[in-house]
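Only one structure is covered here, and it is reproduced in the block below.
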Amino acid sequence: MSGPPSLSLVLPVHRDGPELRRCLAAIDALDPAPVEVVVVVDGADPEVVERVRPHATEVIPLTTRGGPGRARNIGARTARGDVLLFIDADVEVPTDLVGRVAAHVEAHPEIDALIGSYDDSPGAPNFLSQYKNLLNHFVHHRSRREGFTFWGACGAIRRSAFTDLGGFDESYTEPSIEDIELGQRLRAAGGRIHVVPEIQVKHLKRWTATSLVRADVLSRALPWSELIVSRTGFDDDLNIDRAGRAKVAATGTLLLGLLAGRRGAGRGLAAASAGALLALDAPLLRFYARHRGVPFAAATVPWLWLSYAYSGAVFGYVVVRHHLAPTATPSVRSAPRP
């Protein structure tokens, strides 16, 4: 390939709302612009179709909802760019996104894909949205530059590699880990993925306690555990690296210590485990404190420990289920939408 690659932007959309409107306005402002903007309306809501039409080169309405993986695949099949740039409908992209992605791909002909990061100023102001979206920012900025997974919120992949892989797995009929699964297939085929945290988008999603835990368990931990147990094993990357696994283990011993009651051994185990967790999370807590203050950082601790607890519990459940019924078809592909 000579010269900068051409980029096609592919956007799956399901529902209207202020996040989508901000997303579309940011796409309009891209400079340079992509060669085309392909919007796939998953569910073909007439209001959504009319909302996106002025902002797209092509709008593809899908009568039956099939999930973002299928929507992205259908959009990709119509795209003509050398590189497919996928974004989510609840992110706001910077004006120079296309130029940054194209420049990185041109400078690194050895890679097949790249992923960006959320920025450090999430759109929704409530505590849980700031906590969760800043956590994602921190994880991407601390990750290895050679990635093991793809990311649909802001990810680019050479069209030839995407076609060779057959695109996203369409059996994930709700937003889930279809992007992670694609990235791991790409790696297994010998492809390379760069994590480029300097390429950032703003996440506009507002998280609540219910939506956060539900998404973490049903849309992430459960299908990701299935993928690890049935196919890939652990990659030392993102939030399943060695430190992440140590946090889950320390949370388990903390719970054991608490269950042991007030006896000396139980108190000692709980105190040691809590200390280990605070030490393991020290870089993250310092990050939170720098960005939102010490009280905010302290308030994240119970949420972090809760997430380690349910992630470990889900993984243990999947391991046991896989051991008892190793040929059973996983039942995680249609997890309810958070």
For this session: Go through Pro122, Pro109 for me and flag whichever is modelled with pLDDT of 95 or more and either on the phi > 0 side of the Ramachandran plot or buried (at least 21 other Cβ atoms within 10 Å of the Cβ) (or both).
Result: Pro122
For this session: For region 213-223, indicate whether the set of residues that are of a type in the set (A, V, I, L, M), within 13 Å of the chain's Cα centre (by Cα), under 26 Å from Ala313 (Cβ atoms) and buried (at least 19 other Cβ atoms within 10 Å of the Cβ) is non-empty.
Result: yes
Exercise. Of the residues that sit in region 151-172 and are over 16 Å from the mean Cα position of the chain (by Cα) and within 20 Å of Val13 (Cβ to Cβ), which one is surrounded by the most Cβ atoms within 10 Å (Cβ to Cβ)?
Worked result: Phe162
Problem set entry | One residue from Pro46, Pro61, Pro54 being surrounded by fewer than 20 Cβ atoms within 10 Å (Cβ to Cβ) and modelled with pLDDT under 95 | Pro46
Exercise. Glu178 is checked against (1) charged (D, E, K, R); (2) surrounded by fewer than 20 Cβ atoms within 10 Å (Cβ to Cβ); (3) under 14 Å from the mean Cα position of the chain (by Cα) and fails just one. What number does that condition carry?
Worked result: (2)
For this session: Hey, can you tell me all the residues within region 279-294 that are more than 25 Å from the chain's Cα centre (by Cα) and either closer than 15 Å to Leu306 by Cα or not β-branched (Val, Ile, Thr) (or both)?
Result: Ala279, Gly293
Problem set entry | Single match in Arg144, Arg159 (criterion: of a type in the set (Lys, Arg), within 30 Å of Ala298 (Cα to Cα) and out of contact with any Cys (no Cβ under 8 Å at 6 or more places or on another chain)) | Arg144
For this session: Say whether the condition of being among the acidic types (Asp, Glu), touching a helix residue (DSSP H, G or I) at 6+ places or on another chain (Cβ under 6 Å) and within 27 Å of Glu181 (Cβ to Cβ) is met by at least one residue in region 40-56.
Result: yes
For this session: Report yes if some residue within region 318-331 is among the small types (Gly, Ala, Ser), modelled with pLDDT of 90 or more and on the phi < 0 side of the Ramachandran plot; otherwise report no.
Result: no
Exercise. How many of the residues in region 62-117 are of a type outside the set (Gly, Ala, Ser), within 19 Å of Trp151 (Cβ to Cβ) and part of a strand (DSSP E or B)?
Worked result: 9
For this session: Output yes when any residue across region 225-243 is buried (at least 19 other Cβ atoms within 10 Å of the Cβ) and small (Gly, Ala, Ser), and no when none is.
Result: yes
For this session: Consider Arg15 carefully, then state whether it is in a loop (DSSP other than H, G, I, E, B) and either over 20 Å from Pro197 (Cβ atoms) or within 21 Å of the chain's Cα centre (by Cα) (or both).
Result: yes
Problem set entry | Residue match in region 146-154 (condition: in the same structural domain as Leu11 (by TED's automatic domain parsing), free of Cβ contacts under 8 Å to residues at least 40 places away in the same chain and in a helix (DSSP H, G or I)) | no
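Here's the yes/no breakdown for (1) in the same structural domain as Leu134 (by TED's automatic domain parsing); (2) within 30 Å of Asp119 (Cβ to Cβ); (3) surrounded by fewer than 16 Cβ atoms within 10 Å (Cβ to Cβ):
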residue	(1), (2), (3)
Leu254	no, no, no
Leu259	no, no, yes
Ala270	no, no, no
Ser273	no, no, no
Ala279	no, yes, yes
Problem set entry | Boolean, His137 is more than 13 Å from the chain's Cα centre (by Cα), part of a helix (DSSP H, G or I) and in the same structural domain as Pro197 (by TED's automatic domain parsing) | no
For this session: May I ask you to verify whether Ala156 is in contact with a helix residue (DSSP H, G or I) (Cβ under 8 Å, 6 or more places away or on another chain) and either of a type in the set (Ser, Thr, Tyr) or modelled with pLDDT of 95 or more (or both)?
Result: yes
Seminar exercise, completed: Exactly one of Ala188, Ala161, Ala221 is closer than 27 Å to Gly17 by Cβ and of a type in the set (Gly, Ala, Ser), and that residue is Ala221
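The values are calculated or read from the model by the stated rules, or taken from the named source; none is laboratory data. On a predicted model such as this, the values are computed, not experimentally measured, just so you know. With ideal geometry, Cβ positions are generated from the backbone for all residues, glycine too; neighbour counts draw on all protein chains shown.
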